[in-house]
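See below for the structure under consideration.
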Amino acid sequence: MRLVGEAFRPAAPIDRRSLFSGRSEQISELFSIAAQPGQHAVIYGERGVGKTSLAAVTAEMLQSANMLAARATCDVSDDFGSVWRKALDEIRVHTTTQGLGFTAGTKETSHSAAGLLADEVTPHAVRGALERVSAQRDVVIFIDEFDRLQDSAGRVLFADTIKMLSDRVVRVTIGLIGVADSVSELVREHRSIERALAQIHMPRMTRNELAEIVTRGIDASQMTIRPEAVRKITALSQGLPHYTQLLTQLAAQAALTQRRIAVAGRDVDVAVGRALDRAQQSVVEAYQEATTDTRRSIYPQVLLACALAPENDFGLFTPSDVREPLSRILGKPYKTAAFARHLDELSQESRGEVLQKYGTGRTSRYRFLNPLLQPYVAMRGVSEGLVRVQDLR
Ligand SMILES: Nc1ncnc2c1ncn2[C@@H]1O[C@H](COP(=O)(O)OP(=O)(O)O)[C@@H](O)[C@H]1O
Ligand SMILES: [Mg+2]
């Protein structure tokens, strides 16, 4: 039980390599960007795909490769200056001063690199400070949750800083992390930095990567798991590692309470029930708002069909993507016109605005506003017997 408690991390970003799976492509891309003078990166993807974990683990790896790595997380109260203070505060600079007189030796002092910034933080001042800290070692700085930086003037200053750093080829790499929209906005507003900014897309994880999370945690727990249980977990997770961590942990606990160290398919069924009970309040509320009705309606089924619809890399799906799963759930063929109204309503406030709508008419696309709602809906569908695990992608 103790090992199972330690081997999984459903609630916080991963910061240890031993718990981290997959993503080798993104890691090697970050290493090669760090080695290219004048290159910087944006890492973007849906909430919950593992961006923060990637940055944390890559920072650890960069450090073992003898580089300096720091991370700062933006919040709504931040501006350009406060973000840089946070980031530089993680870096220590050492100075040696020569004592007075013949016999005096040199004195080593170390202080936070944030001290290199003056009261008013400008891109110029940041470049100066970064030049100092990068004198001995290459530096990589991750700015997480960049989209939460409300201050639009601050974003412009970031673009200016990146431009300035690339023009002067300072040995510093900046990695901006955010959800897709904010990043494309940044690049759109500042064409001049497009060339200096490599874009790293974080897609949802593949079934194989998710299976690696399962087996790694199960191995660390000194347990075993049946292939059928792995298949169930990876199908239910819908590419989002949070659910893989949660379901595997709960399934392992379910097996242990029955005095088994081999996790079986039925343990996953138990885990699904528990995961639904333990889902975030916001997810549960969104589901209820979207599906409650006094009359009998097909909102639960339409929402479930949306969760099962094949989405593109940005989590977007079209009404016709929903048709096939809906017809399967309701047991008779449906045309898109029969549920177009439902999709629209689900993207309005009266139904909790659970979907976000892009475009109109034939070209309209939807996505789950909160990506974590999607696996929740799928798990409910399975536990209520509306779909079978095999029918999930
Ligand atoms: N590569 C990974 N291997 C294992 N688990 C991961 C991985 N990436 C993310 N996770 C899990 O997914 C959850 C969400 O990851 P996080 O890094 O916070 O995503 P994001 O920053 O994109 O919202 C974490 O709590 C962690 O449990
Ligand atoms: Mg994050």
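The values are calculated or read from the model by the stated rules, or taken from the named source; none is laboratory data. Here the structure is a predicted model, which is why all the values come from computation and not from measurement. Every residue, glycine among them, receives a Cβ derived from its backbone with ideal geometry; neighbour counts consider all protein chains shown. Protein only, heavy atoms only, side chains kept; ligands, DNA and RNA dropped before computing areas. Shrake-Rupley method; radii C 1.70, N 1.55, O 1.52, S 1.80 Å.
Comparing ILE14, MET205, ALA255 along the charge dipole axis of the chain, the residue lying farthest to the positive side is ALA255, per the Cβ-charge model. For LYS232, the aspartates and glutamates whose Cα comes closer than 17 Å to its Cα, not counting residues fewer than 8 places off in the same chain, are GLU209, GLU212, ASP267, ASP269, GLU384, ASP391.
The listed peptides 168-175, 299-306, 255-262, ordered by packing as a protection proxy, come out as 299-306, 168-175, 255-262 (highest mean of other Cβ atoms within 10 Å first). Each label point was placed 7 Å from the Cα along the Cα-to-Cβ direction; for SER110 and ASN312 their separation is 4.9 nm.
Using a Förster distance of 41 Å, how high is the FRET efficiency between GLU384 and GLU60, based on the Cβ-Cβ distance and rounded to 0.05?
Values: r = 42 Å, r/R0 = 1.02.
It comes out at approximately 0.45.
How long is the gain from ALA338 to THR215 if the chain were fully straight, where each residue apart is worth 0.36 nm and the alpha carbon distance is subtracted? Each step should come with its number before you reach the end.
Details: separation 123, 0.36 × 123 = 44.28 nm, distance 4.29 nm.
Value of the extension gain: 40.0 nm.
With the Cα gyration tensor of region 207-278 giving a ≥ b ≥ c as the square roots of its eigenvalues, does the rule (a/c under 1.5 for rounded; else a/b larger than b/c for prolate; else oblate) give rounded, prolate or oblate? Taking the square roots of the gyration eigenvalues as a ≥ b ≥ c, region 207-278 is oblate. Please report the spacing between the Cα centers of region 255-275 and region 1-62 in Å, no decimals. Spelled out, the Cα-based centre of one part sits 29 Å from the other.
Ranked by the mean number of other Cβ atoms within 10 Å of their residues, highest first, the peptides 18-28, 317-327 fall in the order 317-327, 18-28. Between ARG16 and TYR358, the modelled label-to-label distance comes to 3.8 nm, taking each label 7 Å out from Cα in the direction of the beta carbon.
Listed peptides 120-127, 56-63 appear in the order 56-63, 120-127 once ranked by packing, highest mean of other Cβ atoms within 10 Å at the front. With contacts taken as Cα pairs under 8 Å and at least 6 residues apart, the chain reaches a relative contact order of 18 percent.
Counting each DSSP H run of 4 or more residues in the chain as -39500 (n - 2.57), what helix-only mean residue ellipticity at 222 nm follows after dividing by all residues, to the nearest 500 deg cm²/dmol? Mind dumping the intermediate values first?
Numbers: 16 runs with 187 residues, N = 393.
Roughly -14500 deg cm²/dmol at 222 nm, from the helical runs in the chain.
In summary, the lysines within cross-link reach of LYS357, defined as a Cα separation below 29 angstrom excluding same-chain residues under 8 places away, comprise LYS51, LYS332, LYS335. Classify region 23-157 as rounded, prolate or oblate, taking a ≥ b ≥ c as the square roots of the eigenvalues of its Cα gyration tensor: rounded when a/c is under 1.5, otherwise prolate if a/b is larger than b/c and oblate if not. It comes out oblate by the Cα gyration axes.
Among DSSP beta bridges whose residues both lie in the chain, state the antiparallel percentage, nearest 5. Show your work: numbers first, answer last.
Numbers: 12 of 34 bridges.
So the antiparallel bridges in the chain amount to around 35 percent.
Given a 1.4 Å probe and the protein chains as shown, ASP269 ends up with an accessible area of around 80 Å². Rounded if a/c is under 1.5, else prolate if a/b is larger than b/c, else oblate: which is region 283-391, with a ≥ b ≥ c the root eigenvalues of its Cα gyration tensor? In terms of gyration-tensor shape, rounded.
Restricting to DSSP loop positions (anything but H, G, I, E, B) with no more than 12 other Cβ atoms inside 10 Å of their own Cβ, which chymotrypsin sites (Phe, Trp or Tyr not before Pro) remain in region 77-115?
Numbers: sites: PHE80, TRP84, PHE102; in loops: PHE102.
Those that pass, being in a loop and sparsely packed, are PHE102.
A 1.4 Å probe, protein heavy atoms only, puts the accessible area of MET205 near 20 Å².
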